[in-house]
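For reference, the structure discussed in these notes is given below.
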Amino acid sequence: MINNFLPAPMYIKSAKGGKLALYRFENESSAYPPIIMTHGTFSNASICKELATFLQKEGFDCWIYEWSGHGKSAYGDFRPDAEDYALNDVPAVLKAVRQNTKHENCIWVAHSGGGFLPLMYLARNPQRQKEFQALVTLGSQTTGAGKTLAQKFNIAMVMLLIKLLGYMPG
């Protein structure tokens, strides 16, 4: 049976004041490093819940990180771009998961735009590689989207649609 509900979120602050929701699919007896999962640009934590539930049953302690401004996470005092997410949210998430699990590193699994967040973090902080045992990106890409006014408008309309509906229609 598929679990349609997320656990109650734990809230942490990003470096720039965003309120980040972390959803833990707890397995404290796990000998494995915790898995941090994140969604793509136009979705939220709900996209990761079935995989997190499966991995929890397989013995992993899973955490879903919901980007600032997505789902139950809030921006704070700024409107971030990918670099802000990577350099402000990612370290806060890593710190919270490491403190709560007492593991020195994690496995990061990311979908779509969520994949370039840990990659960008590591590109700017190569000395922090030890925080990751593995990094898995699924369908992760970057493009020049959002450079023109029309592209920015289209992105804003998609984000508004997600806010109104609560999800991104297929």
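The values are calculated or read from the model by the stated rules, or taken from the named source; none is laboratory data. Everything numeric in this text was worked out from a predicted model, so none of it was measured. Cβ sites come from the backbone with ideal geometry, for glycine too, and all protein chains shown count toward neighbours. Heads up: the accessible areas ignore ligands, DNA and RNA and are worked out on the full protein's heavy atoms, side chains in. Shrake-Rupley method; radii C 1.70, N 1.55, O 1.52, S 1.80 Å.
Miscellaneous remarks
- Solvent accessible area, Å² - Leu164, 1.4 Å probe, full protein context: 130 Å²
- Compactness of the chain, expressed as Rg and Dmax over alpha-carbon positions, Å: 15.5, 50
- If a spin label sat at a point 7 angstrom from the Cα of Glu28 along the line to its beta carbon, the backbone N atoms of the stretch 63-104 nearer than 13 Å would be those of 100-102.
- Note on the chain: GNM, Cα springs under 10 Å; of Arg98, Arg128, Arg24, the largest mean-square fluctuation is that of Arg128.
- Accessible area per residue, Å², the chain with all protein chains present, probe 1.4 Å: 55 Å²
- Lys/Arg +1, Asp/Glu -1 at C-beta; the chain dipole; positive extreme among Trp108, Gln56, Leu161: Leu161
- A 1.4 Å probe over all protein chains sorts Ser140, Ser68 by accessible area into Ser140, Ser68, starting with the largest.
- Of all the options Gly76, Gly115, Gly139, the one that moves most in a Gaussian network model of the chain with Cα springs shorter than 10 angstrom is Gly139.
- Between Leu161 and Val136, the modelled label-to-label distance comes to 2.9 nm, taking each label 7 Å out from Cα in the direction of the beta carbon.
- In the chain, lysine pairs with alpha-carbon atoms under 21 angstrom apart (chain gap of 8 or more, or interchain): 18
- Between Asn154 and Lys95, the contour length at 0.36 nm per residue exceeds the alpha carbon distance by 17.8 nm.
- Note on the chain: with neighbouring protein chains present and a 1.4 Å probe, carbon and sulfur make up 57 percent of its accessible heavy-atom surface.
- Lys, Arg +1 and Asp, Glu -1 on Cβ, resulting dipole of the stretch 1-113 about Cα centre, debye, nearest 20: 240 debye
- Farthest positive-ward along the chain dipole, Cα basis, beta-carbon charges - from Gly18, Ala96, Tyr32: Gly18
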